[in-house]
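The values are calculated or read from the model by the stated rules, or taken from the named source; none is laboratory data. Source: prediction; values computed, not measured. Here the Cβ positions follow ideal geometry from the backbone for every residue, glycine too, while neighbour counts run over all protein chains shown.
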């Protein structure tokens, strides 16, 4: 039975954004909508829920069990939202009202009166691996006393019991959580509370927009599993929006891939992962870094995503496709069926890509024995919170070392200590023989030795300076001999020299990160710290940037201290890895050794939560 | 809309600079026989009770009506921007000291201080302008400081620090352009506040000797003539309102365009 039926959905604002999307979600089915940033996937979801931002209009048809939602009156939409269609958003930090407790969030989402015969039985405890314990029978939602059918009002006790039951459904057994405020909860807990609130009125369809993107790997895994269990127990339809193919394949029955505002491929996730039927999907799959093999070359997709309005009459991917010919630009290829329930918008069969060969594990030639950076017993606490509890590590000259850990592990604090942005409480940092812990920071020479590529591409460049002046200023901070010009720096990171005149807002995320890398390399540092430089980039771009960092490291002999939560990235780019857990090093060694045969429990847990690379 | 605002302010600036040359009559020339009469072909806005041409006096007064506020706005903006940047970037004791001083300044009744300053020191607007620039600064310091604190945490500011740039360079070359929309809008607002307050002071008879062609003073001197020639008192008020609201609205517009152009 089709629950949600989307046909020919088109969203236009000043430009065309979503172009004729067809999508169906049946009851009890999880459908993944995958795409990179700007593909229109989130706006598709918002159009379905009737929550398009001002200035955008949707045409086509969206029906929920036969009820047309597009163009429906606000009153109709209000009766549908929450009650029949629920939304789960990305950011667990912004999604909850900081002034309301978790319990209040759920209580206010509950239906106005208790529904005695709940359409959905409480989750079967056996279905949840997280020890979901339904509240004891005495506390379960009291049926209306006396008269049987007539729903009565909530009482304080029944409401409270219902809230606790809902929390238990999302794996929170501790009743005290209901009385806590969002700031007292971790990201994963917040996402659970938000899920409980979204499910409070027992919707038939849940739209989850990047529900795990802001979470740590292990938490992400838990929430995904929770989502799956809840979906199965309730027989609910789920539309999962994600940029992560691995997440979609792991969780979804069917996957639809969006590109430049349209669907390019759809089908069962399992088949798609095995044999992609569209070159774009194939490209995305090839760009995925793997946590199990070290590849000799990371391949992104060349070029960038076009605007939906510019490619209406042609295959949207033709300009970036390796096997495109004149046919592809003649007209827009229809979404054709190639097997039952399997569609592609490509005219041809996809040539299998030669999977890049695993890299022969050759540690860098460079004299890794010679120590460049030595950190000893580094401690830093913020109030009662211990960020670093005595961390020691060393980076050899020309070596690439990964620092892995989840948020709160202290990895960023470590980087900031080395950069001099944070003063450690105790310990010693020695870089190329200079003591960086003292106030003078190596006689003011530290900035020529160590530079950093920061995480967020939206803020890493000064928006009011042109790329050229940013780079020129950075280069002027280095030693005069061997100074690189702006054009040389841009060339180094694979950007045309004409980009010098641009301002950051005219660049894509990947291009900004390239400029940020060029800025960091402008002083020819001996050590480059990378703090999650690709965490907020799309997969295809991520591969380009990683490959760039890898080659630059090799060519210039720059040592890398690579900070990340992503084990697959570590695998591709580092020689040695240090695993941080709550401010302490728990494991350290050659990257391949650590990922293939982890010794510490925490490392194993991290590894287990990496979604399998297809 | 923006064109209209700019035109109004440009005209005002033109009159402020060349007003006394444009005036058809000597603003001080009296015609006691004529007395206060309404608008005519010879006197567009009529005359006041001493027979002085209101239009000429308006033009002649434009200079002091706008020059002093411009000085106040300049002084306040330079002071508050540099101090705000310093406090927000340095934090620590610099910030603590500055913020306590700001708290202290907030506790002072501004208009009263001005009246006392003028009353005690006398001698025209000079001291009043200085006092007003100092009085308007604390509020703007707070705004600039909070914006600076938000900017300094961003990756580009940290990158600048990592590059070993001098603090002054980071503050003025990196942070300042990104808070410029607020600085510009703030400067225009200071101008408006100063203009209205100074007019208010001269309405109270403080600051300028009687008889000076000044808008605030004209309202005070001519408010008894509302039946004979209402324009003598109303015209300066209309001009003050027009210029003040144009400057406020322009500040608002500029803030929007600059924010869109600069950062995103």
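Observations on the structure shown:
- Residue satisfying all of: in the stretch B:148-169; touching a residue at least 40 places away in the same chain (Cβ under 8 Å) and surrounded by fewer than 20 Cβ atoms within 10 Å (Cβ to Cβ); nearest to the other protein chains (Cβ to nearest Cβ) among these: B:167
- Test for residue B:175: is it within 14 Å of chain A (Cβ to nearest Cβ) and not in a helix (DSSP H, G or I): no
- Selection from the stretch B:227-264 of residues that are part of a loop (DSSP other than H, G, I, E, B) and touching a helix residue (DSSP H, G or I) at 6+ places or on another chain (Cβ under 6 Å): B:263, B:264
- Contact map, the stretch A:527-538: first residue at positive phi, second residue surrounded by fewer than 24 Cβ atoms within 10 Å (Cβ to Cβ) and in a strand (DSSP E or B), Cβ cut-off under 7 Å, separation 6 or more or different chains; pairs are A:532/A:564.
- Subset tally (residues that are within 14 Å of chain B (Cβ to nearest Cβ) and in a loop (DSSP other than H, G, I, E, B)) for the stretch A:384-434: 4
- Qualifying residue in the stretch B:116-124 (condition: assigned to a helix (DSSP H, G or I), touching a residue at least 24 places away in the same chain (Cβ under 8 Å) and over 20 Å from residue A:421 (Cα atoms)): yes
- Matching residues, the stretch A:447-474, being surrounded by fewer than 24 Cβ atoms within 10 Å (Cβ to Cβ), over 20 Å from residue A:411 (Cβ atoms) and within 8 Å of another protein chain (Cβ to nearest Cβ): A:447, A:448, A:463, A:464, A:465, A:473
- Any hit, the stretch A:56-79, residues being within 24 Å of residue A:214 (Cβ to Cβ), modelled with pLDDT under 90 and surrounded by 14 or more Cβ atoms within 10 Å (Cβ to Cβ): no
- Condition met for residue A:444 (over 32 Å from the mean Cα position of the chain (by Cα) and either away from chain B (no Cβ under 14 Å) or on the phi > 0 side of the Ramachandran plot (or both)): yes
- Cross-chain or 6+ apart pairs with Cβ under 8 Å, the stretch A:164-179 first and farther than 13 Å from residue A:195 by Cβ, then at pLDDT 90 or above and not in a helix (DSSP H, G or I): A:178/A:101; A:179/A:101
- Any hit, the stretch B:212-224, residues being buried (at least 20 other Cβ atoms within 10 Å of the Cβ) and under 30 Å from residue B:149 (Cβ atoms): no
- Test: residue B:211 is away from chain A (no Cβ under 14 Å), within 15 Å of the chain's Cα centre (by Cα) and in contact (Cβ under 8 Å) with a residue 60 or more places away in the chain: no
- Selection within the stretch A:252-293 - surrounded by fewer than 20 Cβ atoms within 10 Å (Cβ to Cβ) and touching a strand residue (DSSP E or B) at 6+ places or on another chain (Cβ under 7 Å): A:253, A:268, A:271, A:293
- Scanning the stretch A:593-614 for residues that are farther than 23 Å from residue A:248 by Cβ and part of a loop (DSSP other than H, G, I, E, B) yields A:597, A:598, A:599, A:600.
- You will find that of B:180, B:194, the residue that is touching a residue at least 24 places away in the same chain (Cβ under 8 Å), surrounded by fewer than 22 Cβ atoms within 10 Å (Cβ to Cβ) and either within 11 Å of chain A (Cβ to nearest Cβ) or under 14 Å from the mean Cα position of the chain (by Cα) (or both) is B:180 and no other.
- Residues located in the stretch A:497-527, provided they are within 18 Å of residue A:476 (Cα to Cα), outside any helix (DSSP H, G or I) and within 11 Å of another protein chain (Cβ to nearest Cβ): A:522, A:523, A:525
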